[in-house]
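So the structure is just underneath, and the comments pick up after that.
The values are calculated or read from the model by the stated rules, or taken from the named source; none is laboratory data. Treat the numbers as computed from the prediction; the structure is a model and nothing was measured. Positions of Cβ are backbone-derived with ideal geometry, glycine not excepted, and every protein chain shown enters the neighbour counts. Note: areas computed on protein heavy atoms with side chains; ligands, DNA, RNA excluded. Shrake-Rupley method; radii C 1.70, N 1.55, O 1.52, S 1.80 Å.
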Amino acid sequence: MSLQSVCWFRVCSYRLIAFYCLLLSGCGAAPEAENKPEIWRFAIEEAEGGVQHKYATRFKELIEERSGGEIEVIIYPYGTLGTSTHITEQLNLGVIDFAMASPGSLGKLIPELQVFNLHFVLPVDERLTQRILGDQELIEEFDQLYQPKGLKLLSIFSEGEMVWTTNQEIRSPEDFAGVKFRVMTSPLLLASYDAYGASATPMPYSEVYSGLQLKQIDGQVNPVFAIERQKFHEVTSWMTFPGHASFITTCATNLDFYNALSADRKTLLNQVIRELDEYIFEVQRGFQTERLKSILKDAKRRQRMMHISGDLVRFMESLSKEEHKELIEENEYVEFLPVLSTEEREVFRNASKEARELFLEIGGSRSREFLERLQSAAKTYEE
Ligand code: 6CS
């Protein structure tokens, strides 16, 4: 492991050591008695009810069922083991065996991973993006970057289109002027939103709601389900779907843990992970419409305006007659604004090139290779 990684992991190690010891002594990985199941620990970066929780819950069901009860999976939702940075650290130390590790956070440790934080690179068509991310060869190539950090990459998937929530309409970089816009801690995300004219502000996920409420920040970006789960729609009134990127995450395991698994266990794990690709695609797609319904319902119930600019064709089609009446026709607290025009999107696309240049500088020695790889996959699939 490089000196940089060692330092990175040490920074936040000591204060959690006592907690880790408690965790390990409470439920050791090795079964104490013959009939006790082996414990696999899985930490996620989101609260219950989110995409990652659905993924981990299905993983638990499949692993426990197919191991005939020999394995028990314990899920640690966001908040129980610290921030995303803490979770990755614990995965590296082997305190937990599996974790979600989003490029917005892990990109600090594996700079090439920040390619997934770039805008206007992957196709707008989610199915195409899923095909690109699920490509086994791509996963193996990224895994070469995870292994020196003591991690093994299992899967890469989208959690849905990224949406800006703000307290004013955003259609151009001028509108972003003076907007303190929260992003995850990746330097590239900071640069991306600075290039859009905002004052990009890094902040842990758990502090975003209060940050918006206390006006420490004026906006943030996340998929619809996360906006609804974290209740960001209660403290911001504009939702903009710019069609610039999806929230991409990765699922990883501890490398030593993986290497120590028997051949059968590895096969079981790999089969379950591949099955989850399709499962989670459908889950996040369903969430995009279901959770938007909930946001509109909330706007009406709380009598709080929500202005939405986005391509909502699929959402509208998903509504029953009754839902349409309740959420659209008889809801004076929702306003639909025109979707960003091709010209308006083009301005952001041009501004995003600055972040792309930065990525080539700070995205590690293989940055160009990974960027070109994704660009060419996107082109091939789109054609
Ligand atoms: O914005 C964030 O920090 C978080 N967003 C999502 C959708 N998942 C985890 C991540 O930490």
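Results, tabulated for the structure shown:
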| read-out | value |
| --- | --- |
| Number of positions in the range 249-259 that are aliphatic (A, V, I, L, M) and part of a helix (DSSP H, G or I) | 1 |
| Sole exception among (1) open to solvent by 30 Å² or more (accessible area, probe 1.4 Å); (2) touching a helix residue (DSSP H, G or I) at 6+ places or on another chain (Cβ under 7 Å); (3) away from the ligand (no atom under 15 Å from the Cβ) for GLY79, by number | (3) |
| Candidate set from the range 212-268 (those that are of a type in the set (Ser, Thr, Tyr) and more than 14 Å from the chain's Cα centre (by Cα)); member that is nearest to the ligand (Cβ to nearest atom) | THR236 |
| Any chance LEU327 is more than 22 Å from the chain's Cα centre (by Cα) and in a helix (DSSP H, G or I) | yes |
| Positions within the range 32-67 being part of a helix (DSSP H, G or I) and touching a helix residue (DSSP H, G or I) at 6+ places or on another chain (Cβ under 7 Å), in sequence order | VAL51, LYS54, TYR55, ARG58, PHE59, LEU62, ILE63, ARG66 |
| THR185 vs. criteria open to solvent by 40 Å² or more (accessible area, probe 1.4 Å) and among the β-branched types (Val, Ile, Thr) | yes |
| Unique residue being within 24 Å of the chain's Cα centre (by Cα), farther than 22 Å from PRO223 by Cβ and either of a type in the set (Gly, Ala, Ser) or in the same structural domain as GLN114 (by TED's automatic domain parsing) (or both) when the list is SER341, SER352, SER294, SER376 | SER376 |
| Enumeration of residues in the range 28-76 that are among the hydroxyl-bearing types (Ser, Thr, Tyr) and either at pLDDT below 95 or more than 16 Å from the ligand (Cβ to nearest atom) (or both) | SER67 |
| Residue pairs meeting the criteria (Cβ under 8 Å; at least 6 apart or on separate chains; first outside the structural domain of PHE281 (by TED's automatic domain parsing), in the range 42-57; second part of a strand (DSSP E or B) and at pLDDT 95 or above) | none |
| Flag if SER105 is polar (S, T, N, Q), within 15 Å of the ligand (Cβ to nearest atom) and under 28 Å from ALA378 (Cβ atoms) | yes |
| Residue in the range 117-137 that is nearest to GLN52 (Cα to Cα), counting only those that are open to solvent by 10 Å² or more (accessible area, probe 1.4 Å) and in a helix (DSSP H, G or I) | GLN130 |
| Residue match in the range 260-275 (condition: part of a loop (DSSP other than H, G, I, E, B), open to solvent by 10 Å² or more (accessible area, probe 1.4 Å) and within 23 Å of ILE170 (Cβ to Cβ)) | no |
| Tabulated pairs, the range 341-356, first over 12 Å from LEU188 (Cα atoms), second assigned to a helix (DSSP H, G or I), C-beta under 7 angstrom, 6+ apart or interchain | ALA351/ALA195 |
| Matching option when the condition is of a type in the set (Lys, Arg), at pLDDT 95 or above and closer than 28 Å to PHE348 by Cα, among ARG302, ARG314, ARG265, ARG274 | ARG314 |
| Sole residue being among the acidic types (Asp, Glu) and crowded, with 22+ Cβ neighbours inside 10 Å, chosen from GLU112, GLU140 | GLU112 |
| Among the residues listed as GLY197, GLY211, the single one being surrounded by fewer than 22 Cβ atoms within 10 Å (Cβ to Cβ) and at negative phi | GLY211 |
